[in-house]
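Rule-based calculations on the coordinates, nothing more; no lab input. Because the structure is a prediction, the values reported are computed rather than measured. Cβ: placed from backbone, ideal geometry, glycine included. Neighbour counts: every protein chain shown.
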Amino acid sequence: MDFFKAKLVTSLLAFGLIMGALVGALLYYQFPQYYPHWYEGILLFFLILESLILVYVESASRKVTQRQMLNTYMLTKVVKIFAALIFIGAYVAIVKEDKKSFILVFMIFYLLFLAMESFLFLKIEKRLKNKQRFE
């Protein structure tokens, strides 16, 4: 793993852990009725999924043209949505309690990680443009 990829993944993990701690503390102390039993599972799901997506996109950015990157981005969005639906479906089928709070917290993390993912994809795009300019 090169320095740029490691920096991206480290930024994502730091963001995820900090946001996870802040949202967790807010829910646990201020809104305990919305704190789901699988809170840590939701956070772990997004940390792993987003790290894998980020590594894939960064690796693909080295091999494909800028036009093909759009397909890569769209593919990652579809994979993320399907993985989210499977994860929510598994929770609803297995646990069957606190469904609303689970989905609420899940959507909060989905939006937070979507914002961070967009920011990191922008960094990858800037790097790709700079790389093409010097070639």
Can you tell me which residue among 119, 87 is surrounded by fewer than 16 Cβ atoms within 10 Å (Cβ to Cβ), aromatic (Phe, Trp, Tyr), part of a helix (DSSP H, G or I) and out of contact with any Asp or Glu (no Cβ under 7 Å at 6 or more places or on another chain)?
119
Restricting to the range 91-116, name every residue that is in contact (Cβ under 8 Å) with a residue 40 or more places away in the chain and outside any helix (DSSP H, G or I).
95, 97, 98
Does the range 70-80 include one or more residues that are of a type in the set (D, E, K, R), over 16 Å from residue 5 (Cβ atoms), under 15 Å from the mean Cα position of the chain (by Cα) and assigned to a helix (DSSP H, G or I)?
yes
How many residues are more than 30 Å from residue 125 (Cβ to Cβ), among the hydrophobic types (A, V, I, L, M, F, W, C) and buried (at least 17 other Cβ atoms within 10 Å of the Cβ) if we restrict to the range 15-68?
2
